[in-house]
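Chemist: I'd like to ask some things about the structure below.
The values are calculated or read from the model by the stated rules, or taken from the named source; none is laboratory data. Note that the structure is predicted; figures quoted are calculated from it, not measured. Cβ coordinates were reconstructed from backbone atoms using ideal geometry, including for glycine residues, and neighbour counts include every protein chain displayed. Note: accessible area is taken over every heavy atom of the protein model, side chains too, but ligands, DNA and RNA are not part of it. Shrake-Rupley method; radii C 1.70, N 1.55, O 1.52, S 1.80 Å.
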Amino acid sequence: MTSIMFLQHLANGISLGSLYALIAIGYTMVYGILRLINFAHGDIFMMATYFAFFGVFFGLPWYVAFPITILLTVLLGMSVELTAYRSLRDAPKISIMISAIGASFLLENLAIVIFGGRPKAFPTEEIFTKVIHIGNISIQRLTFIIPVVTAILLIILSYLINKTKTGMAMRAVSKDHETARLMGINIDRTISATFAIGSALAAIGGVMWGLKFPQIQPLMGVMPGLKCFIAAVIGGIGSITGAVIGGFFLGVSEIMLVAFFQSMTGYRDAFAFIILIIVLLFKPTGIMGEKISEKV
Amino acid sequence: MMKRDYYLTSISLVLLVIFLYFADMYMDAYIIRILNLCAIYTILGLSMNLINGFTGLFSLGHAGFMAIGAYTTAILTLSVDAKVQNFFLEPIAAPLANVVWPFFPALLLAGILSALVGFLIGAPALRLKGDYLAIATLGFAEIIRVVFTNTQNITNGALGLKRIPPYTNLWWSFGIAVFTVIFMALLINSSYGRAFKAIREDEIAAESMGINLFKHKVMSFTIGAFFAGVGGGLLGNLLGTIDPAMFRFTLTFNILLIIVLGGMGSITGTVISAFVVTISLEALRFLDQPIDLGLFVIPGIAGMRMVVFSVLLMLVVLFYRHGLMGTNEFSWDKFLKVLRFKRPLLKGGKN
Amino acid sequence: MEMLRTENITMQFGGLTAVKDFNLKLNKGEIVALIGPNGAGKTTAFNMITGVYKPTKGKIYYKGRDITQMAPHSITKLGIARTFQNIRLFKNLSVIDNVLIANHLHVKSNLFEALLRVPKYKNEDRSMMKKSMELLEIVGLIDVKDEKSSSLPYGMQRRLEIARALATKPEVLLLDEPAAGMNPKETEDLTKFIKKIRDDFDLTIFMIEHHMQVVMGISERIYVFDYGITIAHGNPNEIQNNQRVIEAYLGVDDNA
Ligand SMILES: Nc1ncnc2c1ncn2[C@@H]1O[C@H](COP(=O)(O)OP(=O)(O)OP(=O)(O)O)[C@@H](O)[C@H]1O
Ligand SMILES: [Mg+2]
C-alpha cells in the first residue's frame, strides 16, 4: 500500500464518516430528548434520496430540487413523530419502540409500493461528481464537498443548540421533561423541532449519499441507519459531538478494514455491530456520554 | 375443580389429535402447509413472548436464532447426495459431508446451539438497558446473516440450501407447539416465572427484592433462544429451501406482530394471534400478486401486504396496546362461563 | 451488636453532592430515624446502603462485612430489605404475587426442578405460599390478596411494600417515608405496627420519615441531614432541642 493510496482511502473514509455523522446526529438528538431509538430515522434518510431523485427526474434543477427535498423530509420526520410517538409519550417504553419499528417498516414498504422495489439510478450532477487530480491522486469533488458541507452544518447546528431559544429548550427538555414543562417550555414543540433538525440533516446526508453512491432502493436506509445509531452509541448517545466522532470513527475504520483486509470485505456490514458490542462491553456510555443513573 | 380442568384439557388434546389425523389424511397440501406454519409461529411467538412479554427485555434477534436452528437441522438432515449437489461452488467441510441425522436429534441440537449462542450474546448484551439490548440483538441477527453468507463451505453462502428433507409434518409441528405451550405455562407459573415478571414490572424493585437480574435475564433469553432455534429448524425442514436472505428483520417483525397483537405476556394470546397472523399473511398474499379476473388482470403491488401489516402493528400499539389478551390467560372457568352466559370473553381476568 | 455501619459515604451526581461523609451505626434491635428537609439526601443514603447507587467515596459494612461494591440483590440476600418512597410495587401483578416474588431469593430448587414440579420444589412452593399468606394476614391485606396491586388504595400499597420487604427475611429493614400520605389514624397504627414487627421479626429498623409524631415516638436515635451533611445526631430529646436542627429543618418543614 502506497501512501497515495492510503490518502485516497483516508479521504474516502472521511467523506463516508461525514455522512454517518450527519445521520447519527438525528439519532442522538432524538435519543437525548425522548430516550427513544427512532428506528424510522434510516428510512427518513431513504425517503430523502427518493424526494431528490423525483425532483430532478421531473426536470427541476438540482439547486431547486435539493432544498425541496430537505423541506419534504423535515415534514416527513415531524409527521412520524406526531403519529407514531406523540400519543405514546407516557406509554411503556416497549410500546414506543414497537411503534417506532412499525413506522420504519411502514416507510420501507410504502417506498416499495410507491417507488417499486428495483433500484433506481440517482441523477449525478457534473459539478459534484467531477474527478479532480492532485498530483497522483484522483478524487471526486464530492469527496471534498461532503466533509466541507458537514463542517458547515455542524457550525450552524452548534449555534442553534447553544445560542437560540429553541436550542436551549432542547437541552432543558433532554435534562428533565417535568422541570422543563414547569419552566414554561412547550415540550411538544421542542420535540418536533428536534425531529425537524434531525430530519433536515438526514435529508442533506441522503442527497449527498445519493450523489456518492448513485443507486437508490427502498431498503437502502436500513444498514446506514443501524450503523449510524451505532456511531451515536460509540460516541456516547445523547452527545452531538459524540455522534460526530462516532460517525467519523466508523466511516474511516470501515473503509480501512476493506482496504487493508480484502478477505474481510464480506464482513463489512458485521463490522459495525462487532464494534458496538465491544464498546457496550467496555464503555457502555461511549466516548462522550455521561452516565445517567435513574433516580430511585 | 382441578379434576374437571384436567379432563377438559385431556379431551381437547384428544380432539386435536383426531383433527390432525384427519387433516393429515384428507386436507390438501397447501392447507397442511399453512397449519404447519401456524404451529411453528406459535412456537416462535411463545419464545419471543417469554423474552419480550414476560421478562420485559426488548430483544430483536429472533431471526438470528431461527437461522441458526434452520441451518443446523438442514445441514444435519440433508442426504449425502443432496449435500454434494448443493455445495457445487465449494465442497462442504469434510466433517459434515457424511453426517445424516434423524430429525429429532437434529432439532434438539438446533435448539441447543441456538441457546448456546443466545447465552453467549446475552451475557454481554443483557447487562445493557432496554434500547441497547434491542440494537445489540438486532445487530447480532445481522452478524449471523453476514457470517452465514460468507461461510461457503458450511452454509453454502448466499446460494442457500435446497432439497432439505421435508420432515416437518403436522405431528412434529403441533407436537412441539403443544409441548412449548405446556413448558411455558409451567415456567411462567413457577417461582422463576414470577421472577421474570417482576423484572418486567420494575427492575429496581426486583433486584431490591433479591432477584438476580442478570441471571434471570440470561435464563429467559437462553430458553427463548432454544425454542426459536427449534422453530427455525422446523421451518427449514418444512420449506425445503433456505438461504441467508430469508432471515432478515422482516421475520422478526412478523413474530413481534404476533406477540403484540396477542398481548405481550399472554400465552393464550400468542397462540390465537399466531394462527390469526399466519393465516392472514397467507390470505393477504393476493395483495402482492396479480389477480386474474378473466377479462383483465389487476396488477399486484409488491410490498402492499407488508404495508397492511405495519399499519396493523402501529394501530395495535397506538390504540389497543394490550392486544387481544393483555396479560390474561385462558382458563376453563372463564370459558365455561362464557358458554353458559354468553358474556363477553375474558373480562375481569386476573393475572 | 453492630448490624450496619457506614464510613464517610459520599454520593456525587455531577457537580451536586447529595450526601457527604455520612457515618451511620445501627445496633441490633434499634429503631433509628433519618430526617431532613426535602432534597437533603436521605433517599440517596438508602440507595447507597442497598447497592442501588455505588457511593463515590466511603465504605459500608454489614455485620462487619464490606458490602460497598455488592449488587443490590446480594445485599438483600444478606439481610437488608427496603421499601420505596415512591412505591415501586409490581403494579400489574396480584398482591400475593408481589409477596411471593420476594420469597424467590430463598428458593433452592433449580429451574428444571421447578419446571418438573419435583417434590422438593412443590414443598418450597407450598411453604412460600404459606409464609406469604401469613405476612398478608399480619399487614391486613389477606382479603385483597388476588387484587391487582396497583388497584389498592395508597395506604394498603404502603403496607404491601412492607410485607414484600419482610418476605425477603431481612435483619435490617429500611423504610423510606412509610407514613407519607397517611391520615392521623393510619399514622398512629403504623407507629405501633413498626414497633410490633421490630419485636416479632427481630429487626433493626432504619427509617426516613417526615411525620415528627412517628419519628419522636418510636426512634431511639435520630440522624439529621441538611444539604447532604449530617448536622446532628442524638436521641429525640437532644434533636428537638438542637439549635441547628431547629434552624435548618424544623423552621422549614410544615409537618413539624
Ligand atoms: N440519580 C440521581 N441523579 C441526579 N441527582 C440525583 C439522583 N438521585 C438524587 N439526586 C439528587 O440528590 C439530591 C438528594 O435527593 P434525595 O432523593 O436523596 O433527597 P431526600 O432527602 O430523599 O428528599 P425527599 O424528602 O424529597 O425525599 C436531590 O437534589 C436530588 O435531585
Ligand atoms: Mg426521599
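Chemist: Where in segment A:220-296 are there helices (runs of 4 or more DSSP H), lying fully within it, with 3 or more residues that are more than 16 Å from ligand 1 (Cβ to nearest atom) and aromatic (Phe, Trp, Tyr)?
Modeler: Working: elements: A:222-235, A:240-260, A:268-282.
Correct list: A:240-260, A:268-282.
Chemist: Something else now. Among the residues of segment A:138-151, how many are surrounded by fewer than 13 Cβ atoms within 10 Å (Cβ to Cβ) and assigned to a strand (DSSP E or B)?
Modeler: Here the count works out to 1.
Chemist: Moving to a separate point now. If we keep just the residues of segment C:45-76 that are in contact (Cβ under 8 Å) with a residue 60 or more places away in the chain and either in a helix (DSSP H, G or I) or within 16 Å of ligand 2 (Cβ to nearest atom) (or both), which is farthest from B:Gly210 (Cα to Cα)?
Modeler: C:Ala45
Chemist: In addition: Among the residues of segment C:171-186, which ones are more than 14 Å from C:Val139 (Cα to Cα) and buried (at least 16 other Cβ atoms within 10 Å of the Cβ)?
Modeler: C:Glu171, C:Val172, C:Leu173, C:Leu174, C:Leu175, C:Asp176, C:Glu177, C:Ala179, C:Ala180, C:Met182
Chemist: Do we find that A:Arg118 is of a type in the set (D, E, K, R), touching a residue at least 12 places away in the same chain (Cβ under 8 Å) and within 14 Å of chain B (Cβ to nearest Cβ) in this structure?
Modeler: Judged against the criteria, A:Arg118 is a match.
Chemist: While we're looking at this one, here's another question. Taking the criterion of being within 25 Å of A:Gln140 (Cα to Cα), away from ligand 2 (no atom under 16 Å from the Cβ), out of contact with any Lys or Arg (no Cβ under 8 Å at 6 or more places or on another chain) and within 12 Å of chain B (Cβ to nearest Cβ), would at least one residue in segment A:282-296 satisfy it?
Modeler: Checked segment A:282-296: no residue is within 25 Å of A:Gln140 (Cα to Cα), away from ligand 2 (no atom under 16 Å from the Cβ), out of contact with any Lys or Arg (no Cβ under 8 Å at 6 or more places or on another chain) and within 12 Å of chain B (Cβ to nearest Cβ).
Chemist: Would you call A:Glu178 free of Cβ contacts under 8 Å to residues at least 60 places away in the same chain, under 26 Å from A:Val30 (Cβ atoms) and open to solvent by 30 Å² or more (accessible area, probe 1.4 Å)?
Modeler: Judged against the criteria, A:Glu178 is a match.
Chemist: Just name the residue that is nearest to the other protein chains (Cβ to nearest Cβ) out of those in segment C:16-26 that are more than 16 Å from the chain's Cα centre (by Cα) and within 16 Å of ligand 1 (Cβ to nearest atom).
Modeler: Checking each candidate, the answer is C:Ala18.
Chemist: Take the residues of segment C:27-43 that are near ligand 1 (Cβ under 7 Å from one of its atoms) and open to solvent by 20 Å² or more (accessible area, probe 1.4 Å): which is nearest to the other protein chains (Cβ to nearest Cβ)?
Modeler: The qualifying residue nearest to the other protein chains (Cβ to nearest Cβ) is C:Thr43.
Chemist: Restricting attention to segment C:196-216, and to residues there that are within 16 Å of ligand 2 (Cβ to nearest atom) and open to solvent by less than 10 Å² (accessible area, probe 1.4 Å), which single residue is nearest to the other protein chains (Cβ to nearest Cβ)?
Modeler: Taking the candidates together, the pick is C:Ile208.
Chemist: Follow-up question, since we're still on this one. What is the number of the single condition among (1) modelled with pLDDT under 95; (2) surrounded by 23 or more Cβ atoms within 10 Å (Cβ to Cβ); (3) more than 23 Å from C:Thr44 (Cβ to Cβ) that C:Ile239 does not meet?
Modeler: Of everything listed in (1) modelled with pLDDT under 95; (2) surrounded by 23 or more Cβ atoms within 10 Å (Cβ to Cβ); (3) more than 23 Å from C:Thr44 (Cβ to Cβ), C:Ile239 misses just condition (3).
Chemist: Now, a different point. Considering only residues that are under 20 Å from the mean Cα position of the chain (by Cα), facing chain B (nearest Cβ under 7 Å) and either open to solvent by 60 Å² or more (accessible area, probe 1.4 Å) or of a type in the set (Val, Ile, Thr) (or both), which ones fall in segment C:91-150?
Modeler: C:Lys91, C:Ile101, listed by residue number.
Chemist: Residues of segment C:153-181 being away from ligand 2 (no atom under 16 Å from the Cβ) and either among the hydroxyl-bearing types (Ser, Thr, Tyr) or more than 14 Å from every other protein chain (Cβ to nearest Cβ) (or both), which ones? I'd like the intermediate steps shown before the answer.
Modeler: Of segment C:153-181, the ones away from ligand 2 (no atom under 16 Å from the Cβ) are C:153-157, C:159-160, C:162-173.
C:Pro153, C:Tyr154, C:Gly155, C:Met156, C:Arg159, C:Thr168 - these are the residues of segment C:153-181 that are away from ligand 2 (no atom under 16 Å from the Cβ) and either among the hydroxyl-bearing types (Ser, Thr, Tyr) or more than 14 Å from every other protein chain (Cβ to nearest Cβ) (or both).
Chemist: Then there is this: Within segment C:89-112, is even one residue within 16 Å of ligand 1 (Cβ to nearest atom) and at pLDDT 95 or above?
Modeler: The first filter runs over segment C:89-112 and keeps only residues within 16 Å of ligand 1 (Cβ to nearest atom), leaving none.
No, segment C:89-112 has no match at all.
Chemist: Give segment A:23-60 a look and list any residue that's closer than 16 Å to A:Val173 by Cα and hydrophobic (A, V, I, L, M, F, W, C), or say none.
Modeler: Hits for segment A:23-60 are A:Met29, A:Val30, A:Ile33, A:Leu34, A:Leu36.
Chemist: While we're here: Which members of segment B:201-225 meet the condition of being crowded, with 24+ Cβ neighbours inside 10 Å and within 20 Å of B:Ile43 (Cβ to Cβ)?
Modeler: Correct list: B:Ser220, B:Phe221, B:Ile223, B:Gly224, B:Ala225.
For (1) within 16 Å of the chain's Cα centre (by Cα); (2) open to solvent by 10 Å² or more (accessible area, probe 1.4 Å); (3) not basic (Lys, Arg), each residue gets a yes or a no:
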residue	(1), (2), (3)
A:Gly26	yes, no, yes
A:Arg35	no, yes, no
A:Met47	yes, yes, yes
A:Pro61	no, yes, yes
A:Phe66	no, yes, yes
A:Ala84	no, no, yes
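Chemist: Looking only at helices (runs of 4 or more DSSP H) that lie completely in segment B:216-319, which have at least 2 residues being of a type in the set (S, T, N, Q) and closer than 17 Å to B:Phe65 by Cβ?
Modeler: Hits in segment B:216-319: B:249-262.
Chemist: Evaluate the following for C:Ala81: is it away from ligand 1 (no atom under 13 Å from the Cβ) and buried (at least 18 other Cβ atoms within 10 Å of the Cβ)?
Modeler: So C:Ala81 fits the description; yes.
Chemist: Additional query: Of all residues in segment C:44-69 being away from ligand 1 (no atom under 16 Å from the Cβ) and open to solvent by 40 Å² or more (accessible area, probe 1.4 Å), which is nearest to the other protein chains (Cβ to nearest Cβ)?
Modeler: C:Gln69
Chemist: Okay, next question. Between a residue in segment A:152-171 that is more than 23 Å from A:Leu19 (Cα to Cα) and any residue that is among the hydroxyl-bearing types (Ser, Thr, Tyr), which pairs come within a Cβ distance under 6 Å, given they are 6 or more apart or on different chains?
Modeler: A:Ala169/A:Thr190; A:Met170/A:Thr190; A:Met170/A:Thr194
Chemist: From the list C:Val215, C:Val224, C:Val172, C:Val245, pick out the single residue that is in contact with a strand residue (DSSP E or B) (Cβ under 8 Å, 6 or more places away or on another chain) and at pLDDT below 90.
Modeler: C:Val245
Chemist: Next question. I'd like the full set of residues that are within 14 Å of another protein chain (Cβ to nearest Cβ) and touching a Ser or Thr at 6+ places or on another chain (Cβ under 7 Å), limited to segment B:225-284.
Modeler: B:Phe226, B:Phe227, B:Pro244, B:Ile258, B:Ile259, B:Leu261, B:Gly262, B:Gly263, B:Gly265, B:Ser266
Chemist: Return yes when B:Leu113 is closer than 22 Å to B:Met66 by Cα and not polar (S, T, N, Q) and no when it is not.
Modeler: yes
Chemist: Buried (at least 17 other Cβ atoms within 10 Å of the Cβ), under 18 Å from the mean Cα position of the chain (by Cα) and within 16 Å of ligand 1 (Cβ to nearest atom), is that true of C:Phe193?
Modeler: no
Chemist: Looking at A:Met97, A:Met29, A:Met47, which one is under 16 Å from A:Gly221 (Cβ atoms) and in contact with a helix residue (DSSP H, G or I) (Cβ under 9 Å, 6 or more places away or on another chain)? Break it down stepwise before answering.
Modeler: Values: A:Met97 fails: under 16 Å from A:Gly221 (Cβ atoms); A:Met29 fails: under 16 Å from A:Gly221 (Cβ atoms).
Every option except A:Met47 fails the conditions.
Chemist: Given (1) farther than 22 Å from C:Ile162 by Cβ; (2) within 16 Å of ligand 2 (Cβ to nearest atom), where does C:Phe84 come up short, assuming only one miss?
Modeler: (1)
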